[in-house]
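Notes follow the structure.
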Amino acid sequence: MREQTKNWYRRRRSIGASGLGSSGKKTVALLANATERGGAETYLSALGRELTIRSLDVVLIGNVPGWNDKDGRLVRVMFPPKINSRDGVVRQIVGGLLPTIHSLNHIRREKPDVVVVQYVREKLTFPKLLPRQKVVWIEHGPLPETLPQLAVRILRWQSSKSAVVSVSPGVQDSLRQVHIPSVVVPNPLPDWSSRAEPDATARPRIVYAGRIHRHKRLALLIEVAKRRLDWDFLIAGRGPDEVEIAADCPENVNFVGAVSDVRAVYDDATVAVLPSGPDAREGSPMSMLEARALGIPFVTMRDSHAAEEARTLGCVLAEPTIEGLERALVAAINCGDVYLPAQLRDDRSVASWGHAISQVVSPVVDGSD
């Protein structure tokens, strides 16, 4: 009887450590805390849905705007948000130590098989703190050039405990430069049906959808708007610099703020644009994927980290000047809607992406990495 009791206890302890729980499913924990919903947060929701479809128990530890039951369970933990470039990286890390410990306790309570991280703070702290869990690390953009060398060394050290995924070749190149190996799993095109044919007689409408931040270089777009009063410009999004940028806009620029239905923003678009420079650290911009999924011409900048991927999606690349952006917009307006080849759409579909990203996570879950 004593031996039977010991065996029963060992089995129970094994089940608890593996995160199987009463459902018998493997558990994947996503760590994220955000106050705004952008491309990385949309990606996280899609990842949760895809892993749930594949019969994994998904739990978000933290909080992401727009997260719902289809994405997975939610354990709300208010640990510090993403590290920014304004407040000092080291100070933000030290200031987040106690909340990090709090989050770690929740992870240990959930006992997941895999932990997924995608923000710098979590990459700097969590992988080596989780000796019993495998860690999948999603890199959405090139590493900041302002990142202290100590932080780069810590990231390299932490990456040895992680399966690292880059969302584009440009991001992979950035990691390779600091000796962090990764595999590329390109972000998917949204599964959107085609839009109605736009009115060819209407004034050209230029659409920007994204954060209102100086690194997005919206000032260039505003200067183009001042030169082309025969075009209409629509800017959708919120951000820290919206008041300053809106104050300098001519009458043909319409700020609509945050929108719940992003798809509707593109209904009357002639061209979509993203004038971001290197400081924005674009990896695979969501607005580019959205516009190209609908066949809308997309203009971005030659000095963007996303330029290589933009070429593969048939985007127009502009020189990072007012004149260069205006010329690129004229070219995009003249070419009209350009639809992606069927094979490329299939390769970049949500289903294909879901299969590819689950292949990264699943071997880790099965312990076969």
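Kindly list the residues of the stretch 185-221 that lie in the label zone of residue 302, defined by a backbone N under 18 Å from the point 7 Å along the Cα-to-C-beta vector.
220-221
Between helix 97-110 and the chain, what is the angle of the helix's C-alpha long axis to the longest principal axis, kept within 0 to 90° and rounded to the nearest 10?
Tilt relative to the chain: about 60 degrees.
So which residue, out of 358, 168, 194, gets the largest mean-square fluctuation from a GNM of the chain using Cα contacts under 10 Å as springs?
Greatest mean-square fluctuation among the candidates belongs to 194.
Kindly express, to the nearest 10 degrees and within the range 0 to 90, the angle between helix 218-227's C-alpha long axis and the longest C-alpha principal axis of the chain.
Rounded to the nearest ten degrees, it is 20.
Only Cα pairs within less than 10 Å get springs; with that Gaussian network setup on the chain, which residue of 146, 27, 52 has the largest fluctuation?
Looking only at 146, 27, 52, the largest GNM fluctuation is found for 146.
Taking the convex hull of the Cα atoms, report for the chain its projected area averaged over all directions, in nm². Don't skip to the end; give the middle numbers.
Numbers: hull surface 78.7 nm².
Its Cα hull, projected and averaged over all orientations, spans 19.7 nm².
Once you order the gyration tensor axes a ≥ b ≥ c over the Cα atoms, which shape class does the stretch 264-342 get: rounded for a/c under 1.5, otherwise prolate or oblate by comparing a/b with b/c?
Values: a/c = 1.64, a/b = 1.23, b/c = 1.33.
Oblate, because a/c is 1.5 or more while a/b does not exceed b/c.
Would you order 116, 164, 256, 330 from fewest to most other beta-carbon atoms within 10 Å of each residue's own beta-carbon?
Details: 116 29, 164 22, 256 12, 330 17.
Listed from fewest to most nearby Cβ atoms, that is 256, 330, 164, 116.
Calculate, in nm to one decimal, what residue 215 and residue 176 gain on full extension: separation in residues at 0.36 nm each, minus their alpha carbon distance.
Numbers: separation 39, 0.36 × 39 = 14.04 nm, distance 2.38 nm.
In short, 11.7 nm is gained.
Rounded to the nearest 0.05, what FRET efficiency is calculated for residue 352 and residue 132 with R0 set to 30 Å and r the Cβ-Cβ distance?
Numbers: r = 32 Å, r/R0 = 1.06.
Result of the calculation: an efficiency of 0.40.
Note the angle between two axes, namely the Cα long axis of helix 39-53 and the longest principal axis of the Cα atoms of the chain, as a number of degrees from 0 to 90, rounded to the nearest 10.
The answer is roughly 50 degrees.
Counting only GluC sites (Glu not before Pro) that sit in a DSSP loop (anything but H, G, I, E, B) with at most 11 other Cβ atoms within 10 Å, what is the longest stretch of the chain containing none of them? Walk me through the intermediate numbers first.
On the way: sites that count: 145, 251.
Here the longest run is 1-144.
Could you work out how much longer the chain between residue 241 and residue 202 gets when fully extended? Use 0.36 nm per residue separation minus the Cα distance between them, nm to one decimal. Could the numbers behind the result be given before it?
Details: separation 39, 0.36 × 39 = 14.04 nm, distance 3.05 nm.
Taking residue 241 through residue 202 to full extension adds about 11.0 nm, to one decimal.
At 222 nm, what helix-only mean residue ellipticity would the chain give, in deg cm²/dmol to the nearest 500, using -39500 (n - 2.57) for each DSSP H run of four or more? Working shown, then result.
Working: 15 runs with 148 residues, N = 369.
Helix contribution divided over all residues of the chain: -11500 deg cm²/dmol.
May I have the convex hull volume per residue, in Å³, for the Cα set of the stretch 205-343? Could the numbers behind the result be given before it?
Values: hull volume 13.6 nm³, N = 139.
Dividing the Cα hull volume of the stretch 205-343 by its residue count gives 98 Å³.
I'd like the distance separating the alpha-carbon centroids of the stretch 257-280 and the stretch 27-43, in whole Å.
First find each Cα centre; the distance between them is then 20 Å.
No lab work stands behind these numbers, since they all come straight from the coordinates. This structure is a prediction, so every number in the text was calculated from the model and none was measured. Neighbour counts are summed over all protein chains in view; Cβ atoms, including those assigned to glycine, are modelled from backbone coordinates with ideal geometry.
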